[in-house]
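**Q** To start, I am sharing the structure in question, which I have written as structure tokens.
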Amino acid sequence: MTAELKTELKVVSNATCTFCGCVCDDMELTVEGHRITKAKNACVLGKAWFLNHHIENRPVATIRGQAVPLDEAVEEAARILVHARYPVVYGLSDTTCEAQRVAVAIADRIGGCIDTTTSVCHGPSGMAFQGVGEVTCSLGEVKNRADLVIFWGSNPAESHPRHWSRYSTMPKGLFVPNGRKDRTVVIVDVRRSKSAPAADLFIQVRPRSDFESLWILRALVKGLTLREADCEVTGVPLAVWQDLAQRMKSCRFGVFFFGMGLSMTRGKHLNVEAALALARDLNAHTRFYIKPMRGHGNVTGADNVVSWQTGYPFGVNLSRGFPRFNPGEYTTADTLARGEADAALIVASDPMANFSQPAREHLARIPYIALDPKETPTVRHATVAFTTATYGINTPGTVYRMDDVPIPLRPAFDSPYPSDQEVLTRIERRIRQQLSER
Amino acid sequence: MPRETFILIPGRTSRQGTSLNVSKLAGEYIDEISTVFLCPEDMRRLGLIDGDRVRLRSDQGIAEVKCEAAKPGELPPGVLFLPYGDASSRLMSGDTHGTGMPTSKGIDVELEKL
Ligand code: SF4
């Protein structure tokens, strides 16, 4: 029999793409053995995700770069975490809620910090939600009702390519029967990104003037009189802000999606607070909602799981036996850059590529464990590394779409590698045993 | 060429997003995250052509990358765009100002032709 004949061919319908926070669950995957060869309905990012996650020939586990059996690596991982004085558990945005839950349990057992990649994407938004609140809705409501859709500091054409076609601007909805024609789409950004040409209105603000711009809109929505000079700092004429404020007040259902252009720029949570307050204020005139554009496939799940279990979404310390939340103190970018953490468990994320240089240098100095389906800079430097199955492609479970809607996963094919949940469960069990032996 | 101060906006691109699924250790991904974009006017003014190497220096660190002209109108003068990756991480500060989030967009950098 030829190799091709032995290869089983199947089609998996309604599979879920977990590459970005859109979590599109209408994928039709053609699977040939251990490889997805077609991903119908996926965008360019989704296609790259599905077509490049096949089974790679890597050891299931390594200790200091040497291949070892799974049990040995679990033993060493547990030993590192149990002996650490200030361990951190970090990552979690590209794995299932079931695995995230076990990661929180590990942090609790070892009395460490639990933090997710939220802290370096929409962490400031999480802080702002606590201060102002979030006037929220689902993407289904946006699809059926929104006639004014604003994207601020976000470039969905490149980061969430199907957001527009599936949820926010193109689809025909119950109260917007003509789809795109019934909606006004506005982009506010510091650069004319690839999303800008598809919008009805593009407003280019000066870098680092989001806070001022949002407060100008708040003032205009409140009916205050502003002068041209008040808007100078934003680089946008008063008339443009007046026009936008008027559109916001007079729409039937407005929604404000914001990206990391707000949360990563100077002002951070204060920028987001201004946006949240603006959306709240607008409800005196019409219905207006606001949602962050979440990046990774299950970063929203990470916020939910950590919140259920500790009461806080990220940056939580469990060393006293009860949860304490303090961004800046217990967030991983800080515990590493300040040289405080003495061991780490990194799940499905790549701080060695994304963190600041002082944080990366410290991570390279301490023992840490990494779980990832692919070889990454973080996996390369790990003391103990596990190759795990890819969530959504090989493992079932639950993920949360960016609007906090849980979506089940339908895996395409089995992996010879264990899931994150399985590895974490084994580590957690060994931690319990090692602690009881002490 | 004297050093000039710019505002750096790191961000996501389609190519960065697709290539990271292939490998974050080689090939297209490395090329994408090591290319800084300037507006054509700044390129001309500084005598730069596509592919020239430049050094970016922030308060935190240094990164050497190649430069390319952005599409006309995409970037205003004085603003640089760099796809997220190792080079952008080198330029961002470890200090998060009590938020957990380093200032990762809108970073002051000096640009110097190599
Ligand atoms: S928009 Fe996001 S979730 Fe949907 S197919 Fe593209 S990458 Fe996947």
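The values are calculated or read from the model by the stated rules, or taken from the named source; none is laboratory data. Note that the structure is predicted; figures quoted are calculated from it, not measured. Note that each Cβ is placed from the backbone with ideal geometry, even for glycine, and that neighbours are counted across all protein chains shown. We work out accessible area using only protein heavy atoms, side chains counted, and drop any ligands, DNA or RNA first. Shrake-Rupley method; radii C 1.70, N 1.55, O 1.52, S 1.80 Å.
**Q** Being within 16 Å of the ligand (Cβ to nearest atom), open to solvent by 10 Å² or more (accessible area, probe 1.4 Å) and more than 26 Å from A:Ala274 (Cα to Cα) is the requirement here; does A:Arg85 meet it? Write out each step before concluding.
**A** Values: within 16 Å of the ligand (Cβ to nearest atom): no; open to solvent by 10 Å² or more (accessible area, probe 1.4 Å): yes; more than 26 Å from A:Ala274 (Cα to Cα): yes.
Criteria not met by A:Arg85.
**Q** Still on this structure, I have one more. Among what's in the stretch A:164-186 and is open to solvent by 70 Å² or more (accessible area, probe 1.4 Å) and among the aliphatic types (A, V, I, L, M), pick the residue that is farthest from A:Ala196 (Cα to Cα). Please lay out each step first, then the result.
**A** Residues of the stretch A:164-186 that are open to solvent by 70 Å² or more (accessible area, probe 1.4 Å), as a first pass: A:170, A:172, A:174-175, A:177-178, A:181.
Narrowing the set further to residues that are among the aliphatic types (A, V, I, L, M) leaves A:170, A:174.
Details: A:Met170: 15, A:Leu174: 26 Å.
Within the stretch A:164-186, the match that is farthest from A:Ala196 (Cα to Cα) is A:Leu174.
**Q** Next question, about the same structure. Filter the stretch A:240-280 down to residues that are within 28 Å of A:Ser119 (Cβ to Cβ), part of a helix (DSSP H, G or I) and charged (D, E, K, R) and give me whichever is farthest from the other protein chains (Cβ to nearest Cβ). Talk me through it step by step, then tell me what you get.
**A** Step one: list which residues in the stretch A:240-280 are within 28 Å of A:Ser119 (Cβ to Cβ), which gives A:255-280.
Add one more test, that the residue is part of a helix (DSSP H, G or I), and what stays is A:260-263, A:269-280.
Retained after the next criterion (residues that are charged (D, E, K, R)): A:273, A:280.
Values: A:Glu273: 12, A:Arg280: 22 Å.
Only one residue fits best here, namely A:Arg280.
**Q** Okay, moving on. Under 6 Å by Cβ, and 6 or more places apart or on different chains, what pairs join a residue from the stretch A:357-379 that is under 20 Å from B:Thr103 (Cα atoms) with one that is part of a helix (DSSP H, G or I)?
**A** A:Gln357/B:Arg90; A:Pro358/A:Ala337; A:Ala359/A:Ala333; A:Ala359/A:Leu336; A:Ala359/A:Ala337; A:Arg360/A:Met352; A:His362/A:Leu336; A:Leu363/A:Leu336
**Q** Is it the case that A:Arg410 is surrounded by fewer than 21 Cβ atoms within 10 Å (Cβ to Cβ), over 30 Å from A:Ala42 (Cα atoms) and not assigned by TED's automatic domain parsing to the domain that holds A:Asp25?
**A** Details: surrounded by fewer than 21 Cβ atoms within 10 Å (Cβ to Cβ): yes; over 30 Å from A:Ala42 (Cα atoms): no; not assigned by TED's automatic domain parsing to the domain that holds A:Asp25: yes.
No; evaluated as a whole, the condition is false for this residue.
**Q** Looking for whichever is polar (S, T, N, Q) and not assigned by TED's automatic domain parsing to the domain that holds A:Pro323 here; the options are A:Ser93, A:Ser138. Which one fits? If you could, list the steps in order and put the result at the bottom.
**A** Values: A:Ser93 fails: not assigned by TED's automatic domain parsing to the domain that holds A:Pro323.
Going through A:Ser93, A:Ser138 in turn, the sole match is A:Ser138.
**Q** Here's a follow-up. Return the residues of the stretch A:141-163 that are open to solvent by less than 30 Å² (accessible area, probe 1.4 Å) and without any contact (Cβ under 8 Å) to a residue 60 or more places away in the chain; say none if nothing qualifies. Don't jump to the end; show me each part of the working.
**A** From the stretch A:141-163, those open to solvent by less than 30 Å² (accessible area, probe 1.4 Å) are A:142, A:146-156, A:158-160, A:163; that's our starting set.
Across the stretch A:141-163, the qualifying residue is only A:Glu158.
**Q** Only one of (1) crowded, with 17+ Cβ neighbours inside 10 Å; (2) assigned by TED's automatic domain parsing to the domain that holds A:Ser349 is not met by A:Thr16, so which one is it?
**A** The failed condition is (2).
**Q** Something else now. Looking at this structure, is A:Asp334 assigned by TED's automatic domain parsing to the domain that holds A:Thr136, open to solvent by less than 40 Å² (accessible area, probe 1.4 Å) and more than 16 Å from the chain's Cα centre (by Cα)? Spell out the reasoning first.
**A** Numbers: assigned by TED's automatic domain parsing to the domain that holds A:Thr136: no; open to solvent by less than 40 Å² (accessible area, probe 1.4 Å): yes; more than 16 Å from the chain's Cα centre (by Cα): yes.
No.
**Q** Another question about this same structure. Could you tell me whether A:Ala275 is surrounded by 24 or more Cβ atoms within 10 Å (Cβ to Cβ), within 23 Å of B:Pro102 (Cα to Cα) and out of contact with any Ser or Thr (no Cβ under 6 Å at 6 or more places or on another chain)? Give the derivation first.
**A** Values: surrounded by 24 or more Cβ atoms within 10 Å (Cβ to Cβ): yes; within 23 Å of B:Pro102 (Cα to Cα): yes; out of contact with any Ser or Thr (no Cβ under 6 Å at 6 or more places or on another chain): yes.
So A:Ala275 fits the description; yes.
**Q** A:Val299 is checked against (1) touching a strand residue (DSSP E or B) at 6+ places or on another chain (Cβ under 6 Å); (2) closer than 24 Å to A:Asp404 by Cβ and fails just one. What number does that condition carry?
**A** Against the list (1) touching a strand residue (DSSP E or B) at 6+ places or on another chain (Cβ under 6 Å); (2) closer than 24 Å to A:Asp404 by Cβ, A:Val299 comes up short only on (1).
**Q** B:Glu110 fails exactly one of the following numbered conditions: (1) farther than 19 Å from B:Ile30 by Cα; (2) at pLDDT below 95. What is the number of that condition?
**A** Looking at each condition in turn, B:Glu110 falls short on (2).
**Q** Residue check, A:Lys194 against (1) at pLDDT below 95; (2) open to solvent by 10 Å² or more (accessible area, probe 1.4 Å); (3) touching a strand residue (DSSP E or B) at 6+ places or on another chain (Cβ under 9 Å), all met but one. Which one?
**A** With respect to (1) at pLDDT below 95; (2) open to solvent by 10 Å² or more (accessible area, probe 1.4 Å); (3) touching a strand residue (DSSP E or B) at 6+ places or on another chain (Cβ under 9 Å), A:Lys194 is out only on (3).
**Q** Now for a different question. Residue check: is A:Asp115 assigned by TED's automatic domain parsing to the domain that holds A:Ser307, surrounded by 21 or more Cβ atoms within 10 Å (Cβ to Cβ) and within 16 Å of the ligand (Cβ to nearest atom)?
**A** Working: assigned by TED's automatic domain parsing to the domain that holds A:Ser307: yes; surrounded by 21 or more Cβ atoms within 10 Å (Cβ to Cβ): yes; within 16 Å of the ligand (Cβ to nearest atom): no.
So A:Asp115 does not fit the description; no.
**Q** Can you go through A:Ala67, A:Ala78 and tell me which one is away from chain B (no Cβ under 14 Å), over 30 Å from A:Ser159 (Cα atoms), away from the ligand (no atom under 16 Å from the Cβ) and open to solvent by less than 10 Å² (accessible area, probe 1.4 Å)? Steps first, please.
**A** Working: A:Ala67 fails: open to solvent by less than 10 Å² (accessible area, probe 1.4 Å).
Checking each option against the conditions leaves just A:Ala78.
**Q** I'd like the full set of residues that are open to solvent by 20 Å² or more (accessible area, probe 1.4 Å), within 18 Å of A:Thr378 (Cα to Cα) and among the β-branched types (Val, Ile, Thr), limited to the stretch B:18-48.
**A** B:Val22, B:Ile30, listed by residue number.
**Q** Could you list all residues from the stretch A:398-438 that are in contact (Cβ under 8 Å) with a residue 60 or more places away in the chain, of a type in the set (D, E, K, R) and under 15 Å from A:Val102 (Cβ atoms)?
**A** Result: A:Asp420, A:Arg426, A:Glu428, A:Arg430, A:Arg432.
**Q** Quick one: count up the residues across the stretch A:121-140 that are within 14 Å of chain B (Cβ to nearest Cβ) and either open to solvent by 10 Å² or more (accessible area, probe 1.4 Å) or not hydrophobic (A, V, I, L, M, F, W, C) (or both). Lay out the reasoning, then the answer.
**A** Within the stretch A:121-140, the subset within 14 Å of chain B (Cβ to nearest Cβ) is A:121-131.
Applying the additional criterion that residues be either open to solvent by 10 Å² or more (accessible area, probe 1.4 Å) or not hydrophobic (A, V, I, L, M, F, W, C) (or both) yields A:121-127, A:129-131.
Matching residues across the stretch A:121-140 total 10.
**Q** A follow-up question, please. Check A:Thr95 against each of (1) farther than 22 Å from A:Val379 by Cβ; (2) open to solvent by less than 70 Å² (accessible area, probe 1.4 Å); (3) within 16 Å of the ligand (Cβ to nearest atom); (4) of a type in the set (S, T, N, Q) and name the one condition it does not meet.
**A** (1)
**Q** Identify all residues within the stretch A:164-197 that are within 14 Å of another protein chain (Cβ to nearest Cβ), among the basic types (Lys, Arg) and in contact (Cβ under 8 Å) with a residue 24 or more places away in the chain; write none if there are none.
**A** Result: A:Lys194, single match.
**Q** Under the condition of being open to solvent by 60 Å² or more (accessible area, probe 1.4 Å) and among the hydrophobic types (A, V, I, L, M, F, W, C), which residue from the stretch A:207-228 is farthest from the chain's Cα centre (by Cα)?
**A** Quick first cut of the stretch A:207-228, residues open to solvent by 60 Å² or more (accessible area, probe 1.4 Å) only: A:211-212, A:215, A:222, A:224-225, A:227-228.
Next cut, among the hydrophobic types (A, V, I, L, M, F, W, C) only: A:211, A:215, A:224.
Numbers: A:Phe211: 23, A:Trp215: 27, A:Leu224: 37 Å.
Once the filter is applied, the top-ranked residue is A:Leu224.
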